[in-house]
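First up is the structure itself, then whatever we jot down about it.
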Amino acid sequence: MIYYAFLKGINISGHRIIKMAELKAMFEDMAFKNVRTFIQSGNVVFESPGKAESVKKNIETGLKRSFGYDVHVIVRSRAEMEKIIKDYPFSKVKGHEDCKITIGYLDSEPSKALVKELESINTDKEMFIVKGSNLYHLVRGNFSDSIFFKKNIAEKTLKVICTARNWNTTNKILTI
């Protein structure tokens, strides 16, 4: 099965540095096949016969052993990634093509009450839509103005681990 691993919080502002060549080698040493990395934010495409939860735990253990610190990893299958693209919820939002879009990969599905709480803060400038264990985020203007990034609102409100990638990365990673 083809999997996509998204590492949270590496290579940010000179902290928790992991070189992609070293990350790729670690995955290969763990017997994952056809390993590819994409950009420096910790995106890995690979093949494994294992189940997603087992694969995730093995990767997190390998990261701790190889690099000396804990790294949260979110794993998605190819079918899940294709569904993320297919389920894009903003196509009816006027001007969506000019907005910044982010996907928040959540480590579990949040409760409906917490999803409702997060979605209740939507405005014309910033919107959140949760579908299963994925968060779609739209912002007009700069990411730096977003409460998603300034206040870590997704994790605080939904009570789950979240790592985010922009829409272009989410689409591009399916082609590598």
- [ ] Quick one: order 61, 123 by neighbouring beta-carbon count within 10 Å, fewest to most.
- [x] 123, 61
Task: Dipole moment magnitude, nearest 20 debye, region 2-80 about Cα centre, only Lys, Arg, Asp, Glu C-beta charged - done: 80
Open item on the list: What's the magnitude of the charge dipole for the chain around its Cα centre, counting Lys and Arg as +1 and Asp and Glu as -1 at the beta-carbon? Answer in Debye, nearest 20.
Closed with: 20
Task: Near-label residues of region 41-72 by backbone N, under 17 Å of a point 7 Å along Cα→Cβ of residue 143 - done: 41-44
- [ ] Write down the Å³ per residue value for the convex hull defined by the alpha carbon atoms of the chain.
- [x] 115
- [ ] Please give the contour-minus-distance gain from residue 109 to residue 83: 0.36 nm per residue of separation, less the Cα-Cα distance, rounded to one decimal in nm.
- [x] 7.8 nm
Open item on the list: At a 10 Å Cβ-Cβ cut-off, how would you order 162, 99, fewest neighbours first?
Closed with: 99, 162
TODO: Determine the gain in length on full extension of the stretch residue 22-residue 72; use 0.36 nm per residue of separation and subtract their C-alpha separation, reporting nm with one decimal.
DONE: 16.3 nm
Task: Residues 174, 118, sorted so that the one with the fewest Cβ neighbours within 10 Å comes first - done: 174, 118
Task: Mean separation of Cα contacts under 8 Å, 6 or more apart, over the residue count of region 47-176: relative contact order % - done: 27
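None of the figures in this text is laboratory data; all of them are computed from the coordinates on show. Because the structure is a prediction, the values reported are computed rather than measured. Every residue, glycine as well, gets a Cβ built from its backbone with ideal geometry; the counts of neighbours run over all protein chains shown.
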